[in-house]
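Let me begin by presenting the structure, written as structure tokens, before commenting on it.
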Amino acid sequence: MKKNETIDDLTIKWINIAQRDLMAAEQGLKVYPVLAEIVCFHCQHSAEKYLKAYLVKHQVEFQKTHNFMSLINICSTVDIQD
């Protein structure tokens, strides 16, 4: 995290990056022929980044990874008391 960056700032950054990946996937669906592997790649990366935003928001540390199930498992440990 940068010097004056808050948890909310960092969460928003992760969400913005996730949204760009999702936009790339949506654009990939508009071309012919659809390159399914590219669309799936961007969908997976978008989902990973949304999970990372969730972890950042709840101040849960995580290692740099693209392991989707690992991120889900870490997210499942967050106990929301709101």
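Each value in this text was obtained by applying a stated rule to the coordinates, not by laboratory testing. Quick caveat: nothing in here was measured; it's all calculated off a predicted structure. Reconstructed Cβ throughout: ideal geometry from the backbone, glycine too, with neighbour counts over all protein chains shown.
Computed from label points 7 Å out along Cα-Cβ, the spacing between F68 and E37 is 1.6 nm. Span-like helix criteria (full DSSP H runs; alpha carbon extent of at least 18 Å along the helix axis; mean Kyte-Doolittle hydropathy of at least -0.5) are satisfied in the chain by 7-28, 36-57. What stretch of the chain, leaving out the sites themselves, is the longest with no trypsin sites (Lys or Arg not before Pro) in a DSSP loop having at most 12 other Cβ atoms within 10 Å? Longest site-free region, per DSSP loop and neighbour criteria: 31-63. Restricting segment 6-75 to GluC sites (Glu not before Pro) that sit in a DSSP loop and have at most 14 other Cβ atoms within 10 Å of their own Cβ leaves E61. Placing a pseudo-label 7 Å from each Cα along the Cα-to-Cβ vector at Q59 and I7 gives an inter-label distance of 0.5 nm. Rounded to the nearest 20 debye, the dipole size of the chain about its Cα centre is 260 debye, using +1 on the Cβ of Lys and Arg and -1 on the Cβ of Asp and Glu. According to the calculation over all Cα-Cα pairs in the chain, the P(r) per 10 Å bin from zero is 18, 42, 28, 11, 2 %.
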